[in-house]
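Colleague: My structure is below; once you've seen it, I'll send some questions.
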Amino acid sequence: MARRRKILVPGAERGLTNFKAEVMSREGYAVNPARPDDVKYEVAEELGVPLSPGNNGNLTTEEAGQVGGKIGGTMVREMIRLAQERLSKRD
């Protein structure tokens, strides 16, 4: 099945990619700024998921979710932390 991810805010893709690189770097992963999406391979290796460039049709939904969840969950936690920090400075 083809992915149909679509960024809702035009032009935000670069910012999201940079944010992912920054957050995952702070988590201790080696992130190549030119290819921040490649961090998923390092995360997969750490989790024992056999993810490789190209076709990964052999992965289970659970395995794919472990990798995406680790990255996405880390990004969401950081976004919440940043929002709370900004709200606390408004008072």
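Any read-out appearing in this document is the output of simple, stated calculations on the displayed coordinates, not a laboratory observation. Just so you know, these numbers come straight off a predicted model, no measurement behind them. Methodologically, a virtual Cβ is constructed for each residue, glycine included, from the backbone with ideal geometry; neighbour enumeration extends over all protein chains shown.
Colleague: What's the longest uninterrupted piece of the chain once you rule out the trypsin sites (Lys or Arg not before Pro) that are loop residues per DSSP with at most 15 other Cβ within 10 Å?
Modeller: With a cap of 15 other Cβ atoms within 10 Å, the longest stretch comes to 7-91.
Colleague: How large is the helix-only mean residue ellipticity at 222 nm for the chain, computed as the sum of -39500 (n - 2.57) over DSSP H runs with n ≥ 4, divided by its residue count, in deg cm²/dmol to the nearest 500? It would help to have the intermediate numbers written out before the result.
Modeller: Values: 3 runs with 53 residues, N = 91.
After summing the helix terms and dividing by the residues of the chain, the value is -19500 deg cm²/dmol.
Colleague: Which three extents, in angstrom, do the Cα atoms of the range 23-91 have along their principal axes, listed largest first?
Modeller: 51, 26, 17
Colleague: So how much slack lies between I80 and E62, counting 0.36 nm per residue of separation and subtracting their Cα-Cα distance, in nm?
Modeller: Between I80 and E62, full extension yields 4.0 nm more.
Colleague: Hand me the tally of lysine pairs in the chain: alpha carbons under 20 angstrom apart, and the pair either on different chains or 8 or more positions apart.
Modeller: 5
Colleague: Determine the relative contact order of the chain: mean sequence separation of Cα pairs under 8 Å and six or more apart, normalised by residue count, in whole percent.
Modeller: 22
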